[in-house]
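The values are calculated or read from the model by the stated rules, or taken from the named source; none is laboratory data. Treat the numbers as computed from the prediction; the structure is a model and nothing was measured. With ideal geometry, Cβ positions are generated from the backbone for all residues, glycine too; neighbour counts draw on all protein chains shown. For the accessible areas, the whole protein counts, side chains as well, though only heavy atoms, and no ligand, DNA or RNA atoms are used. Shrake-Rupley method; radii C 1.70, N 1.55, O 1.52, S 1.80 Å.
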Amino acid sequence: MAKKWGVVLGGAIVSLMITGGMAIAVSPYDDIMVDRAANNYQQENYDEALGEMNQAWEKGAKTPIKAFYLGMLHYRLGDYVKAQEYLEKTVNLKRDFHEAQLQLAILLIGLDKADQATPYLEDLAAAGFQPTQTAMLLGQAASKQKQYAKAVEYFRQAQADPKLAQEAKVQESLALAAQDRPKEAKKILESAIVQDPNSPTAGFAQRYVDTLDRRIKDTQPFHFNVTGVFDYDSNVTLQPGDTGAAQAVSGAGDFVMTQIANFEYQLFPTGTYGLMAQYSIFQNFHRRLTRYDLLSHTWGMVPSVRFQQGTLWLPFNYNYTDLQSEKYYTGFTFTPTYLHMLNPKWGLEVGTKFSRQYFWWPLPFNQEDRSGKYYGGSLGTYYFFKQQKGYLQARIYYERADSGGSNWDSSTYHLLLAALYPVTDKWKFSGFVDLAMQPFDNPWYNGNPTAINSTRLDKILMLGVQSTYEIYKGIEFNVHYYYVRDNSNLPLYDYNRHIWGAQIGYRY
């Protein structure tokens, strides 16, 4: 915008310089040299014009018009420090030199010095000089100073000029969005597009409408999704996808039907602080191996703090799981996580985990008591692309298990690599690889006090791929494949597992 207005001012500046120079001429350096500089300026010979104007400034009278002309020449040549210096000299020599005040304000806003530009623009507004352009600049200055309510009022004033109306509406929409008013912002943006659908500004506005649609959805207080899944599991365990349940591997395959529902209510969807309540239910049914049927409930609260370049989440949840209508597992988990955006594409994630878990099945001997304290930490990075719809992820994390039974005391070291690629707006493809090394602390005990057994060591590979297509708004169909390989030095825990399946879900 600043460059556009600089061009508009060009013709007025040249004529003003020539006529002003003639009016006060007292030497060749106040008329002839100024005329030469003006002609070179018109022909865009800025270097020659600058040399001539420097001579006129040094050897002739130091007038406001010469200072202004020097400021404009330095501006054209990209020397913004010198341009600011001479434009400030212009205003000091003649405070009511409105063209200089306007150009200086444009320059200062472009240099992220909006606080310095505001007084000049307020003088112009009081004088009634180019009121719509002045209002537009006041809006830009207010936005840069995060005074978004003021900015909205100024941009609305600027819309009185048909030439500025579309751009002013787009700027108003951005200011409204910055105030967490996405619905109002979208309405203004749509009216801007209608005004001139074929302009470059309308093209930007249309792309930003899509962003606002996602933001409106994200800032709604209530969200839920329901999913139905049909899988074939080649080696059924109690907790699908959790290698920690390896002691309950069936050694047999079965068809599995699963129903999942998640509900979230965000008490403070916008602002610095957030608080979200969550509830989810997971239930599966096996066609033959019904002793592995699970019903799991999870309740949680997620306080959060939103910073300018990151978000801190403090999730705390409680899980209760039944196995064939009998109490099987309960657990409390606290997982503080911070995601810091280094720039719009790169994010750094740091997390910790503290968990108290209880397993309620009857114990054959005390060494098999898996209940205990679990804690750990993680460090990861994200690379976002395609307007943050896709990402690459890498994460390392560590988990320590201090259980009631010596068979389950262990450390686990993970490396996770994951990616999501949006092929189109409706079709996305994702995958992950999770590598883990899990050394246990003590020799494994099998109930025979005379037996001498090795200390357990598991090397675990988990990978998965899935393809998801949005059939209709919020309705998604998914096909997937997962593989688990637990390479353990104890035959009881050494197993392979394949899961093939499809699911359909609705997300609101």
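Can you confirm whether ALA37 is part of a loop (DSSP other than H, G, I, E, B) and either at pLDDT 50 or above or closer than 16 Å to LEU77 by Cβ (or both)? Write out each step before concluding.
Details: part of a loop (DSSP other than H, G, I, E, B): no; either at pLDDT 50 or above or closer than 16 Å to LEU77 by Cβ (or both): yes.
So ALA37 fails the test.
Which is open to solvent by 70 Å² or more (accessible area, probe 1.4 Å), in contact with a Gly (Cβ under 6 Å, 6 or more places away or on another chain), in contact (Cβ under 8 Å) with a residue 60 or more places away in the chain and hydroxyl-bearing (Ser, Thr, Tyr), of TYR421, TYR482, TYR506? Talk me through it step by step, then tell me what you get.
Working: TYR421 fails: in contact (Cβ under 8 Å) with a residue 60 or more places away in the chain; TYR482 fails: open to solvent by 70 Å² or more (accessible area, probe 1.4 Å).
One residue alone meets the criteria, TYR506.
Any residue that is among the charged types (D, E, K, R), assigned to a helix (DSSP H, G or I) and either touching a residue at least 40 places away in the same chain (Cβ under 8 Å) or open to solvent by 30 Å² or more (accessible area, probe 1.4 Å) (or both) - is there at least one of those in the range 147-155? Even if it seems obvious, please write down each step before you answer.
As a first pass, look at the range 147-155 and keep what is among the charged types (D, E, K, R): 150, 153.
From the residues that got through so far, the ones that are assigned to a helix (DSSP H, G or I) too are 150, 153.
Cutting the leftovers down to either touching a residue at least 40 places away in the same chain (Cβ under 8 Å) or open to solvent by 30 Å² or more (accessible area, probe 1.4 Å) (or both) gives us 150, 153.
Within the range 147-155, one or more residues are among the charged types (D, E, K, R), assigned to a helix (DSSP H, G or I) and either touching a residue at least 40 places away in the same chain (Cβ under 8 Å) or open to solvent by 30 Å² or more (accessible area, probe 1.4 Å) (or both).
Every residue in the range 175-204 that is crowded, with 18+ Cβ neighbours inside 10 Å and either touching a strand residue (DSSP E or B) at 6+ places or on another chain (Cβ under 7 Å) or part of a loop (DSSP other than H, G, I, E, B) (or both), please.
Passing the criteria: only ARG181.
State the number of residues belonging to the range 447-472 that are in contact (Cβ under 8 Å) with a residue 60 or more places away in the chain and outside any loop (DSSP other than H, G, I, E, B).
As a first pass, look at the range 447-472 and keep what is in contact (Cβ under 8 Å) with a residue 60 or more places away in the chain: 447, 458, 460, 462.
Subset that is outside any loop (DSSP other than H, G, I, E, B): 458, 460, 462.
Residues meeting the conditions: 3.
Mind listing whichever residues of the range 350-380 are over 31 Å from the mean Cα position of the chain (by Cα) and among the charged types (D, E, K, R)?
ARG356, GLU368, ASP369, ARG370, LYS373
If VAL26 passes every condition in (1) at pLDDT below 85; (2) open to solvent by 60 Å² or more (accessible area, probe 1.4 Å); (3) part of a helix (DSSP H, G or I) but one, which one does it miss?
(3)
With THR321, THR227, THR237 as the choices, which residue is surrounded by 15 or more Cβ atoms within 10 Å (Cβ to Cβ), at pLDDT 95 or above and not small (Gly, Ala, Ser)? Give the steps one after another, and end with the answer.
Details: THR321 fails: at pLDDT 95 or above; THR237 fails: at pLDDT 95 or above.
Going through THR321, THR227, THR237 in turn, the sole match is THR227.
Kindly indicate which of LEU435, LEU379, LEU416 is at pLDDT 95 or above and crowded, with 16+ Cβ neighbours inside 10 Å. Break it down into steps so the answer makes sense when it comes.
Working: LEU435 fails: crowded, with 16+ Cβ neighbours inside 10 Å; LEU379 fails: crowded, with 16+ Cβ neighbours inside 10 Å.
Sole residue among the options that is at pLDDT 95 or above and crowded, with 16+ Cβ neighbours inside 10 Å: LEU416.
Go through the residues of the range 353-366 one by one and say whether even a single one is open to solvent by less than 70 Å² (accessible area, probe 1.4 Å), without any contact (Cβ under 8 Å) to a residue 60 or more places away in the chain, in a loop (DSSP other than H, G, I, E, B) and among the charged types (D, E, K, R).
Scanning the range 353-366 turns up no residue that is open to solvent by less than 70 Å² (accessible area, probe 1.4 Å), without any contact (Cβ under 8 Å) to a residue 60 or more places away in the chain, in a loop (DSSP other than H, G, I, E, B) and among the charged types (D, E, K, R).
Can you name the strands (runs of 3 or more DSSP E) wholly within the range 275-348 that have at least 2 residues being more than 32 Å from the chain's Cα centre (by Cα)? It would help to see each step written out before you state the result.
Numbers: elements: 294-307, 310-313, 316-323, 326-334, 337-341.
Fully inside the range 275-348 and qualifying: 294-307, 316-323, 326-334.
Would the range 327-338 turn up any residue that is more than 30 Å from LEU238 (Cβ to Cβ) and surrounded by 15 or more Cβ atoms within 10 Å (Cβ to Cβ)?
To start, the set of residues in the range 327-338 that are more than 30 Å from LEU238 (Cβ to Cβ) comprises 338.
Right, trim to surrounded by 15 or more Cβ atoms within 10 Å (Cβ to Cβ) and you get 338.
Yes.
Please enumerate the residues belonging to the range 30-64 that are aliphatic (A, V, I, L, M) and under 48 Å from the mean Cα position of the chain (by Cα). Break it down stepwise before answering.
Kept after step one, since they are aliphatic (A, V, I, L, M), are these residues of the range 30-64: 32-34, 37-38, 49-50, 53, 56, 61.
Within the range 30-64, ALA49, LEU50 qualify.
Filter the range 485-503 down to residues that are assigned to a strand (DSSP E or B) and without any contact (Cβ under 8 Å) to a residue 60 or more places away in the chain and give me whichever is surrounded by the most Cβ atoms within 10 Å (Cβ to Cβ). Give the derivation first.
Here is the first cut: in the range 485-503, the ones assigned to a strand (DSSP E or B) are 485-488, 495-503.
Imposing the further condition that a residue be without any contact (Cβ under 8 Å) to a residue 60 or more places away in the chain reduces the set to 485, 487.
Working: ARG485: 15, ASN487: 13.
Only one residue tops the list, namely ARG485.
Residue-by-condition table, conditions (1) more than 22 Å from THR237 (Cα to Cα); (2) in contact with a strand residue (DSSP E or B) (Cβ under 8 Å, 6 or more places away or on another chain); (3) free of Cβ contacts under 8 Å to residues at least 12 places away in the same chain:
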| position | (1), (2), (3) |
| --- | --- |
| ASN343 | yes, no, yes |
| TRP346 | yes, yes, no |
| SER378 | yes, yes, no |
| ALA401 | no, yes, no |
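Between a first residue in the range 38-52 that is on the phi > 0 side of the Ramachandran plot and a second residue that is part of a helix (DSSP H, G or I), which pairs have beta carbons less than 9 Å apart while being 6 or more apart in sequence or on different chains?
Taking only residues 6 or more apart or on different chains, the pairs are GLU44/ARG76.
Can you tell me how many residues in the range 157-173 are of a type outside the set (Asp, Glu), assigned to a helix (DSSP H, G or I) and either over 24 Å from the mean Cα position of the chain (by Cα) or over 23 Å from LEU212 (Cα atoms) (or both)?
Looking only at the range 157-173, we keep the residues that are of a type outside the set (Asp, Glu), and these are 157-160, 162-166, 168-171, 173.
Restricting the remaining residues to those that are assigned to a helix (DSSP H, G or I) gives 157-158, 162-166, 168-171, 173.
Restricting the remaining residues to those that are either over 24 Å from the mean Cα position of the chain (by Cα) or over 23 Å from LEU212 (Cα atoms) (or both) gives 157-158, 162-166, 168-169.
Result for the range 157-173: 9.
Suppose the filter is at pLDDT below 80 and either surrounded by 15 or more Cβ atoms within 10 Å (Cβ to Cβ) or over 18 Å from GLY464 (Cβ atoms) (or both); does GLY253 pass it? Give the steps one after another, and end with the answer.
Details: at pLDDT below 80: no; either surrounded by 15 or more Cβ atoms within 10 Å (Cβ to Cβ) or over 18 Å from GLY464 (Cβ atoms) (or both): yes.
No, not satisfied.
Is it the case that the range 343-351 has a residue that's surrounded by fewer than 16 Cβ atoms within 10 Å (Cβ to Cβ) and within 30 Å of TYR445 (Cα to Cα)?
So in the range 343-351, the residues surrounded by fewer than 16 Cβ atoms within 10 Å (Cβ to Cβ) come out as 343-346, 348, 350.
From what is left, the residues that are within 30 Å of TYR445 (Cα to Cα) are none.
No; the residues of the range 343-351 include none that is surrounded by fewer than 16 Cβ atoms within 10 Å (Cβ to Cβ) and within 30 Å of TYR445 (Cα to Cα).
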